[in-house]
Amino acid sequence: MAKVAIMGFGTVGSGVYEIIRTNAGKLAQNAGDTVELKYILDIRDFPDHPKKELFTKDFNDILNDEEVTVVAEVMGGLHPAYEFTKSLLLAGKSVVTSNKELVATYGTELLEIARNKNVNYMFEASVGGGIPIIRPIHQCLTANNITKIAGILNGTTNYILYQMITNGKSFDTALKNAQDNGYAERNPAADIEGHDACRKIAILASLASREAVDYSDIPTEGIVGITLDDVKYASELDCVIKLIGYAEFMDGKVYSIVAPMLVKKTDPLSGVNDVFNAIKVTGDCVGDVMFYGAGAGKLPTASAVVADIVDSVKHKVRSKKFTWYKPETDIMAGKDAKKFEYFIRTGDSIENVKKSFGEITHTDSISAGELAFVTRPLTASEVEAKSKELSDIMTCIRILD
Ligand code: NDP
Ligand code: HSE
C-alpha cells in the first residue's frame with residue numbers, strides 16, 4: 001500500500017482528495033498498488049470533515065513518517081512550499097505539484113535534488129491545468145527539435161476575455177466570477193498582468209530546450225489595457241485577442257514573450273474560449289500539434305496532480321527525466337530577435353503615421369478622430385522608436401504569425 005499526503009486543502013487539494021477517494025479502484029489498478037491518503041496538511045481547521053483525523057498542521061508529521069512516499073504540494077506560493085518540497089525530496093520522498101510559481105522559480109534546484117536522491121519531482125498540473133503537456137513535450141515529441149510553442153496558458157484571463165466579449169460582462173464582474181469558480185491565483189494580478197502565463201511558458205521552454213529559462217527574462221504584458229474597441233477592431237481584421245505565451249527556439253537561443261496578441265481566426269488557438277487553454281507545439285518532424293482542455297479548476301487540475309501521484313507510486317525509486325539544467329551561457333535571444341506585425345490605434349494623422357511607419361495597411365476607424373492600422377513586421381525596438389514619433393498611441397498589439 002502506498003501512503004501519500006496532500007499539502008494544502010484548497011481548490012486543487014480538495015480535488016486531489018476527491019479523486020483519490022472516488023477513483024480508488026482505478027488508481028490502484030493503474031499504480032499497481034493501493035493509494036492511501038495518510039495526511040492532509042493545512043493551516044485551516046476542518047472540524048466537520050468526514051476524514052478530520054487525516055488533517056495536521058505540523059509539516060514534520062509528513063516529513064518524519066517513513067511510510068509516506070509521495071506528497072502532493074498544492075499549497076501555492078513560494079514559501080514555505082520551497083522549504084517543504086526541498087526537505088521532502090532530501091528525505092527521499094517524491095513530490096508532485098501544481099505550483100508553477102515554485103517550479104518556475106526553484107525548479108532547476110529541486111529537479112537536481114530529485115535526480116540526486118533518485119526520486120520524482122513531477123509537475124504535470126503546473127501548465128494547462130488538466131491538459132497533458134509536460135509528458136507529451138518530454139516523451140511523445142522527443143524525436144523532434146521543438147521550434148516553437150504558442151499557447152493560451154491562463155484560464156482566468158481567457159475566461160475574462162470570453163465573458164467580456166460574448167456575455168458583455170465588465171472586466172471586474174468577469175474577474176469576480178473567475179475567482180468564485182476557483183480559477184484565479186490568490187493574488188489575481190498574477191493572472192491579469194501575465195505573470196502566471198510567463199511562469200508557464202518558462203517551464204515549457206525549459207522543458208523543450210533542457211536548459212533553464214528564467215521567467216524574469218521574459219518580457220510580459222497582461223490584458224489590463226485591452227478594451228472592447230480593441231476587440232471590435234480585431235474582429236474587423238478577422239482576428240480575436242488572446243493572451244499568448246510564446247517561445248521560439250533559434251540557433252541555441254530562446255526568444256520568449258507573454259503579451260495579448262491578435263490571433264487570426266484561421267489559427268486553431270482563436271477558437272479556444274472560456275477557461276480552456278491550448279498549447280500549440282511545433283516540432284521539426286511532427287509539424288504543429290495542439291493540446292487543448294480545461295486550463296484551471298478543481299477536478300481538471302487535480303486530475304493531472306493525481307496522475308503524477310500514480311506515476312510516482314509506480315516508479316518509486318526512479319527519477320523521471322522531466323528535467324532541465326542550468327545553462328552555462330545566456331540562452332535568451334534579445335527582444336529584437338523576432339519581428340511581429342503590429343495593430344496600432346492612434347489619434348495622430350495619416351501623414352505622420354506614414355512618415356514614421358512607411359507602408360501600412362489601413363483599417364476602418366470605429367471612432368471619430370482615430371486611425372487604426374497594421375504595420376509590416378517590425379522588431380520591438382523598431383515599433384517603440386516609431387511610436388515615439390506619434391503623439392497619441394492608444395493601442396499597440398502584436399499579431400501572432
Ligand atoms: P487555494 O488557495 O485554494 O488552496 C491552497 C490551500 O493551502 C489553502 O487551503 C491554504 O490555506 C493552504 N495553505 C497555504 N499555506 C499553507 C501552509 N503554509 N501550510 C499549510 N497549508 C497552507 O489554492 P489552489 O488550490 O487554487 O492552488 C494551489 C496551487 O495550485 C497554486 O500554486 C496554484 O497556482 C496552482 N494551480 C491552481 C489551479 C486552480 O485552478 N485553482 C490550477 C493549476 C494550478 P489558507 O486558505 O488558509 O491560506
Ligand atoms: N490561475 C491559473 C489560471 C490557474 O487561471 O490559469 C491554473 O494554472
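Please go through segment 96-135 and pick out each residue that is surrounded by 24 or more Cβ atoms within 10 Å (Cβ to Cβ), away from ligand 1 (no atom under 13 Å from the Cβ) and within 20 Å of Ile19 (Cβ to Cβ). Scanning segment 96-135 gives Asn120, Met122. Taken residue by residue, segment 317-334 has no member that is closer than 30 Å to Ala234 by Cα, surrounded by fewer than 21 Cβ atoms within 10 Å (Cβ to Cβ), more than 16 Å from ligand 2 (Cβ to nearest atom) and in the same structural domain as Thr220 (by TED's automatic domain parsing).
Residue count for segment 1-32 under the criterion of being of a type in the set (Lys, Arg) and either assigned to a strand (DSSP E or B) or not assigned by TED's automatic domain parsing to the domain that holds Glu124 (or both): the result is 1.
Matching residues to (1) surrounded by 19 or more Cβ atoms within 10 Å (Cβ to Cβ); (2) in contact (Cβ under 8 Å) with a residue 60 or more places away in the chain:
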site	(1), (2)
Phe171	no, no
Lys176	no, no
Pro188	no, no
Asp191	yes, no
Ser206	yes, yes
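Per-residue answers, yes or no, for (1) small (Gly, Ala, Ser); (2) assigned to a helix (DSSP H, G or I):
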| residue | (1), (2) |
| --- | --- |
| Ala72 | yes, no |
| Phe84 | no, yes |
| Leu88 | no, yes |
| Val95 | no, no |
| Leu102 | no, yes |
| Tyr106 | no, yes |
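Of all residues in segment 5-51 being more than 10 Å from ligand 1 (Cβ to nearest atom), among the polar types (S, T, N, Q) and in contact (Cβ under 8 Å) with a residue 12 or more places away in the chain, which is farthest from Val313 (Cα to Cα)? My answer is Asn23.
Ala81 fulfils the conditions (1) over 22 Å from Lys117 (Cα atoms); (2) crowded, with 17+ Cβ neighbours inside 10 Å; (3) within 16 Å of ligand 2 (Cβ to nearest atom) except for a single criterion, (1). If the condition is being closer than 22 Å to Ala259 by Cβ and part of a helix (DSSP H, G or I), then segment 354-401 contributes Ser356, Phe357, Ala380, Ser381, Glu382, Val383, Glu384, Ala385, Lys386, Ser387, Lys388. Going residue by residue through segment 28-37, is there one that turns out to be within 19 Å of Glu124 (Cβ to Cβ), under 26 Å from the mean Cα position of the chain (by Cα) and away from ligand 2 (no atom under 16 Å from the Cβ)? For segment 28-37, residues within 19 Å of Glu124 (Cβ to Cβ), under 26 Å from the mean Cα position of the chain (by Cα) and away from ligand 2 (no atom under 16 Å from the Cβ): absent. Restricting attention to segment 311-329, the residues that are among the acidic types (Asp, Glu) and under 20 Å from Ile133 (Cα atoms) add up to 1.
Of the helices (runs of 4 or more DSSP H) that lie entirely inside segment 178-244, those containing 1 or more residues that are in contact with a Gly (Cβ under 9 Å, 6 or more places away or on another chain) and within 12 Å of ligand 2 (Cβ to nearest atom) span 189-192, 195-209.
The values are calculated or read from the model by the stated rules, or taken from the named source; none is laboratory data. These numbers were taken from a predicted model, which means no experiment stands behind them. All Cβ positions, glycine included, derive from the backbone under ideal geometry; neighbour counts span all protein chains shown.
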